[in-house]
Amino acid sequence: MSQRKKFLLFTGLALLLAAAGILFTLQRPRTTVVEIIQDNEVLYRLDLAQAEDQTIQVEYEGRVNVVEIRDHQIHMLEAECPDKTCVDMGWLDSAAPIVCLPNHLVIQFADNAGLDGATG
């Protein structure tokens, strides 16, 4: 599959996830478990209730996103992308995910099933 087709597929999926989050509920889910996902691969799965303050760098094609966990909350601190929409989304506090389309990155709440710490 070409890079363009992968990008279009990811873009459609991300928009679908964002729309689904808005349609179902904008309230914060009952879980404190979050996933950082890139190209449908879970890079990190963290429980914010137990996570220490930290930053996580995620690279995509030479561009870097910096995810910050502080005071048991998570947000996109910095992003090397054209519009910085993901940074402007603020702290993850609802079912709607934080999405960086150019860098194929999603931060979202997950359910607690199978939590085993951070993977990466």
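The table for this structure:
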quantity	calculated
Boolean, CYS81 is closer than 17 Å to THR11 by Cβ, surrounded by 15 or more Cβ atoms within 10 Å (Cβ to Cβ), of a type outside the set (Phe, Trp, Tyr) and modelled with pLDDT under 95	yes
First in region 39-63 and loosely packed, with under 11 Cβ neighbours inside 10 Å, second anywhere and part of a strand (DSSP E or B) and not charged (D, E, K, R), Cβ under 8 Å, 6 or more apart	GLU52/ILE69; ASP53/ILE69; GLN57/VAL64; GLN57/ASN65; GLN57/VAL66; GLN57/VAL67
Residue pairs meeting the criteria (Cβ under 7 Å; at least 6 apart or on separate chains; first under 18 Å from ASP53 (Cα atoms) and hydrophobic (A, V, I, L, M, F, W, C), in region 71-96; second open to solvent by 30 Å² or more (accessible area, probe 1.4 Å) and in a helix (DSSP H, G or I))	MET76/VAL87
Search result, residues across region 91-102 that are within 11 Å of the chain's Cα centre (by Cα), more than 14 Å from THR31 (Cβ to Cβ) and part of a loop (DSSP other than H, G, I, E, B)	ALA96, LEU101
Listing of strands (runs of 3 or more DSSP E) fully contained in region 26-87 that carry 2 or more residues being polar (S, T, N, Q) and over 12 Å from the mean Cα position of the chain (by Cα)	54-60
Flag if ALA14 is of a type outside the set (Val, Ile, Thr), open to solvent by 40 Å² or more (accessible area, probe 1.4 Å) and modelled with pLDDT under 85	no
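The values are calculated or read from the model by the stated rules, or taken from the named source; none is laboratory data. Remember, predicted model here, so these are calculated numbers, not experimental data. No Cβ is skipped: glycine too gets one built from the backbone with ideal geometry, and neighbour counts run over all protein chains shown. In case anyone asks, the SASA skips ligands and DNA or RNA and just uses the protein heavy atoms, side chains included. Shrake-Rupley method; radii C 1.70, N 1.55, O 1.52, S 1.80 Å.
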